[in-house]
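Remarks on the structure that follows.
Throughout, read-outs are computed from the coordinates displayed, never taken from laboratory work. Please read these numbers as outputs of a predicted model, since none were measured by experiment. For neighbour counting, all protein chains shown are included, and Cβ atoms are generated from backbone atoms with ideal geometry for every residue, glycine included.
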């Protein structure tokens, strides 16, 4: 076996391929080289010290100091390259996922436009309306994806300041439910509101908190409308419950639904960028996989907490808290 083949099968080389880096740019390879440098430095320091210094204790102390300095340097350099390598991997992954997310609506748009242009004299008004709805839905889907990408980009570049003020969660919910009303009625979704009397206002950014509430309610209404009763092969009536109440020095907001739920194995990934649970993909519900990632960032920047509990085929509960005072 040649040296090249040995390197090719080593863990170091595998990691370099993972991060799409050259061998000398790989953190593990650099760590190995720095380890070799440290060994050489220790031996050289010891040889020079014993030649010019009579006291073994002082020589040992000098060697120890050199080792500590080199280890700190090694750790700092390796960590820096690990961050660069991870950033390079995430950039490649980001481009791949965004390309995939954009490809589907673009294909649908092109297909619908080509059909309308080629068959414009043959299709009736009802069929035309159907294809125009396809155009509308896919355009909205692309717009939502681009909007979410811009928000994520601003958050990661620290260009996402919060303009904090006194905010009424009750008012936000009323506005969003008014916007969702046509969809809720069309899907026969039963809405239940439980809002505590005399609820205090929270200190938050109105527009940003509205994004979080809108995301929670959008997910709940979409996933209950996608839930089917397998025994009857009919769509069961969706139920969504909204609870807003005071909890110590915060206001607690919760959305509960009886939708498709989230598989247990997917729980740990739910707030990651672009992640969508397997059953959500199976039911073909639309989504970018960015909403919950954005929601988590906004709540944490607002000094609140966010979480969920869910069971597949039973439903989900998503909640967050926002402080009443700074």
Cα→Cβ-extended label distance, 7 Å offset, between residue 67 and residue 125, nm: 8.8 nm
Mean Cβ neighbour count within 10 Å, used as a protection proxy, ranking 128-140, 47-59, 256-268 highest first: 256-268, 128-140, 47-59
Relative contact order (percent, whole number), segment 165-323, Cα cutoff 8 Å, 6+ residue spacing: 24 percent
Values of log10 I(q)/I(0), in the order q = 0.16, 0.22, 0.24 Å⁻¹, for segment 118-215 under a Debye, Cα-only, solvent-free model: -0.93, -1.22, -1.27
Residues residue 194 and residue 41, FRET efficiency given R0 of 56 Å [Cβ-Cβ distance, rounded to 0.05]: 0.25
Hull shadow area, averaged, segment 97-156 [alpha-carbon convex hull, nm²]: 4.2 nm²
Peptides 201-210, 35-44, 167-176 ordered by average Cβ neighbours within 10 Å, highest first: 201-210, 167-176, 35-44
Contour excess over end-to-end distance, with Cα ends at residue 187 and residue 168 and 0.36 nm allotted per residue: 4.0 nm
Segment 165-323: Cα Rg divided by the 2.2 N^0.38 Å rule of thumb: 1.01
Fully extended contour minus Cα-Cα distance, from residue 147 to residue 79, at 0.36 nm per residue: 21.2 nm
Neighbour-count order for 83, 122, fewest beta carbons within 10 angstrom listed first: 122, 83
Burial ordering of 34, 117, fewest other beta-carbon atoms within 10 Å first: 117, 34
